[in-house]
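Written out below as structure tokens is the structure these notes cover.
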């Protein structure tokens, strides 16, 4: 069995590898672990053998769906690599990966440049105040262009980007990298051993590019440090070690974002990526300086320090289920050491758990370790009742750490088991999928009698259904969710409700007169008792109220609940023997059926407040699309961090199904939106007629059946 040396906090680097889908993240993680010697084989996406894409869904689709953990031991340090999905449908795991890391390695494809996922993850990392190191990857691919990708980063993400490495050639001619700090070229070693290089002088053909990029780098680095700037203007040549020290400090302040380049496939430049990760990324002690970490113990806030002798505290950032193993829990330690077999305390769920077979993950493999120090990332199988976002600490100091803020669902579907016999199994499977992926939501809508699933996109839901079939053996069918329309009154009316039944012996008799009128929107239902002179005995009047409420729940126009109206019972009669509560409840039902149609009932539709963030280039298209969805545009504003414009609109829920897919198409994946329930408004006549016709058709179908 593979063994692993024990790493203390100052030797640990936690790095989330993020970027757009298919930009080369998983291949680079695989190459980093292999070149360092921490992994014994070099896998490929094509063959489905990479270190961190291990599920059947990932291997079949050839892209990452959930985060994977690996590590590379390099120059006395352990670099924990959190490989994250790039497509925005699975961005929940990318956000979880950033939450567990202290810095981001942001991958940009040399041929594709900055894409939607690149922008999203850069903004997320900057918002967390994490250092970001760019890598322009896949320099060996056709149409690879370092200069173009670098300009896109500078134009679309940040002007503070600075090159520290440039390529020698590109595409099939990619032959090495030039380190601007060392002023040396690194070309593949003649030995042919994977990732090894030879240090040489800069080729004459690359000298002009080197001089240009080197001057840009030196000036940018010097500008972040007053002493260096003084030396720079004095004409002094700044040593490489001083440049690296200044670069690291500037990264921590987000004053600079260095750029590297490599090819994971050819393993050219991979070793220098490792060098820069160890040299520039913060360790656990520096994480405290960056984030001023705090938690809560009981009702008071407590500081979290990455010291061995501090109380143990860790956050669960991922749970996953493995065949023949069960649940595997991944956690990031923030303070104190923890030993294998130690009993710890789940402060979130108020229960003790035991960390048997404490391990670190190298892709699918788990390597058992005796203990972990602050800042490290570990995993444990079969940890009872422990889920993503739980804090595990100690009974003496039950700390709760800040939870990961996962994005809300953007796409919803109604789901039902393909076979009625599988309904219970489907429900269990859906809840297990939510435990593994908090951005996959599921609940039962008691009004529409549907199970609803939600996710970050159609691809997200599609993959979840594939996993449901594979892991839980149940197929599910998706459909558009029913819209929870309402009905209300726009006029007033009155009438009688009379229930009389005689079948020998004691009969049934109830008689009431009711007025109905509209109430203010949102006021709900109100019942007014105006009976005088004992026309209806007091004990029977509440039954009239119950009858009206029961009938109103079934509606009068299209079978939806009637809301926001006042019912007033003002007269009636009774029989001293045959009257009872049941009779007057039936009278109330009959009164509703008699009066409600006279009061000009109409349909109400639910509306959502929608906030769309879009690059300005697509603003007109986005606003036009919202208008075509019967949206009421409320105006625009400038988005934070220069991300474009925010469009605010009120849109009917019926017109928002799969809106995320349309928005992605309109904005080439760069737009995003949030929405929340706004209220109900009267539905336009044409749309209401379609809903009413559909209801009548369904009722007719039920009658025929």
- Considering each of 29, 79 in turn, give the residue that is in contact with a strand residue (DSSP E or B) (Cβ under 6 Å, 6 or more places away or on another chain), touching a residue at least 12 places away in the same chain (Cβ under 8 Å) and not in a helix (DSSP H, G or I). 79
- Query: Is it fair to say residue 66 is within 29 Å of residue 123 (Cβ to Cβ), assigned to a loop (DSSP other than H, G, I, E, B) and in contact with a strand residue (DSSP E or B) (Cβ under 8 Å, 6 or more places away or on another chain)?
  - Reply: yes
- With respect to residue 592, is the statement that it is at pLDDT 95 or above and within 49 Å of the chain's Cα centre (by Cα) true? yes
- Task: Please tell me if residue 462 is farther than 26 Å from residue 316 by Cβ and not in a helix (DSSP H, G or I).
- Result: no
- Is it the case that residue 481 is touching a strand residue (DSSP E or B) at 6+ places or on another chain (Cβ under 6 Å) and buried (at least 20 other Cβ atoms within 10 Å of the Cβ)? yes
- Message: Looking only at the stretch 257-286, filter to residues that are within 29 Å of the chain's Cα centre (by Cα) and assigned to a loop (DSSP other than H, G, I, E, B); which one of those is modelled with the lowest pLDDT?
- Response: 283
- Query: What is the one condition in (1) within 26 Å of the chain's Cα centre (by Cα); (2) part of a strand (DSSP E or B); (3) over 17 Å from residue 264 (Cα atoms) that residue 117 does not satisfy?
  - Reply: (2)
- Subset tally (residues that are without any contact (Cβ under 8 Å) to a residue 40 or more places away in the chain and assigned to a strand (DSSP E or B)) for the stretch 536-585: 0
- Task: Taking the residues in the stretch 294-306 that are part of a strand (DSSP E or B) and over 24 Å from the mean Cα position of the chain (by Cα) as candidates, determine which candidate is nearest to residue 65 (Cα to Cα).
- Result: 296
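So that you can scan it fast, the table gives a plain yes or no per residue for (1) buried (at least 20 other Cβ atoms within 10 Å of the Cβ); (2) under 17 Å from residue 13 (Cα atoms); (3) not assigned by TED's automatic domain parsing to the domain that holds residue 15:
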{"site": "333", "(1), (2), (3)": "yes, yes, yes"}
{"site": "338", "(1), (2), (3)": "yes, no, yes"}
{"site": "341", "(1), (2), (3)": "no, no, yes"}
{"site": "344", "(1), (2), (3)": "yes, no, yes"}
{"site": "356", "(1), (2), (3)": "no, no, yes"}
{"site": "362", "(1), (2), (3)": "yes, yes, yes"}
{"site": "372", "(1), (2), (3)": "yes, yes, yes"}
{"site": "375", "(1), (2), (3)": "yes, yes, yes"}
- Message: Considering only the stretch 307-328, I want to know if a residue exists there that is touching a helix residue (DSSP H, G or I) at 6+ places or on another chain (Cβ under 7 Å), at pLDDT 90 or above and in a loop (DSSP other than H, G, I, E, B).
- Response: no
- Note on the structure: Filtering the stretch 34-61 down to residues that are assigned to a loop (DSSP other than H, G, I, E, B) and surrounded by 16 or more Cβ atoms within 10 Å (Cβ to Cβ) yields 36, 38, 39, 42, 43, 45, 50, 51, 52, 53, 54, 55
- Note on the structure: Within the stretch 491-508, restricting to residues that are surrounded by fewer than 21 Cβ atoms within 10 Å (Cβ to Cβ) and either in the same structural domain as residue 433 (by TED's automatic domain parsing) or in a strand (DSSP E or B) (or both), the one that is nearest to the chain's Cα centre (by Cα) is 493
- How many residues does the stretch 662-673 hold that are exposed (fewer than 14 other Cβ atoms within 10 Å of the Cβ) and either touching a helix residue (DSSP H, G or I) at 6+ places or on another chain (Cβ under 6 Å) or in a strand (DSSP E or B) (or both)? 0
- Message: Can you tell me which of (1) within 19 Å of residue 11 (Cβ to Cβ); (2) touching a strand residue (DSSP E or B) at 6+ places or on another chain (Cβ under 8 Å) is the one residue 317 doesn't meet?
- Response: (1)
- Item | Candidates 182, 194, 222, filtered to the one that is touching a helix residue (DSSP H, G or I) at 6+ places or on another chain (Cβ under 8 Å), surrounded by fewer than 17 Cβ atoms within 10 Å (Cβ to Cβ), in contact (Cβ under 8 Å) with a residue 24 or more places away in the chain and over 24 Å from residue 19 (Cβ atoms) | 182
- Message: Out of 314, 381, 405, 339, I need the residue that is touching a residue at least 40 places away in the same chain (Cβ under 8 Å) and closer than 21 Å to residue 79 by Cα. Which one?
- Response: 314
- Query: Counting only residues that are at pLDDT 95 or above, touching a strand residue (DSSP E or B) at 6+ places or on another chain (Cβ under 9 Å) and assigned to a helix (DSSP H, G or I), which one in the stretch 619-653 is surrounded by the fewest Cβ atoms within 10 Å (Cβ to Cβ)?
  - Reply: 627
- Message: Would you confirm whether or not the stretch 41-52 contains a residue that is closer than 21 Å to residue 454 by Cα, touching a helix residue (DSSP H, G or I) at 6+ places or on another chain (Cβ under 7 Å) and not assigned by TED's automatic domain parsing to the domain that holds residue 366?
- Response: no
- Message: Show the residue pairs meeting these rules: Cβ distance below 7 Å; 6+ apart or different chains; first residue within the stretch 524-535 and at positive phi; second residue part of a loop (DSSP other than H, G, I, E, B) and buried (at least 17 other Cβ atoms within 10 Å of the Cβ).
- Response: 524/563; 524/564
- Task: Kindly indicate whether any position in the stretch 456-470 is without any contact (Cβ under 8 Å) to a residue 12 or more places away in the chain, within 20 Å of the chain's Cα centre (by Cα) and outside the structural domain of residue 661 (by TED's automatic domain parsing).
- Result: yes
- Note on the structure: Per the list (1) free of Cβ contacts under 8 Å to residues at least 12 places away in the same chain; (2) under 20 Å from residue 115 (Cβ atoms), residue check on residue 690 breaks on (2)
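The values are calculated or read from the model by the stated rules, or taken from the named source; none is laboratory data. Predicted, not measured: the structure shown is a model, and the values here were computed from it. Methodologically, a virtual Cβ is constructed for each residue, glycine included, from the backbone with ideal geometry; neighbour enumeration extends over all protein chains shown.
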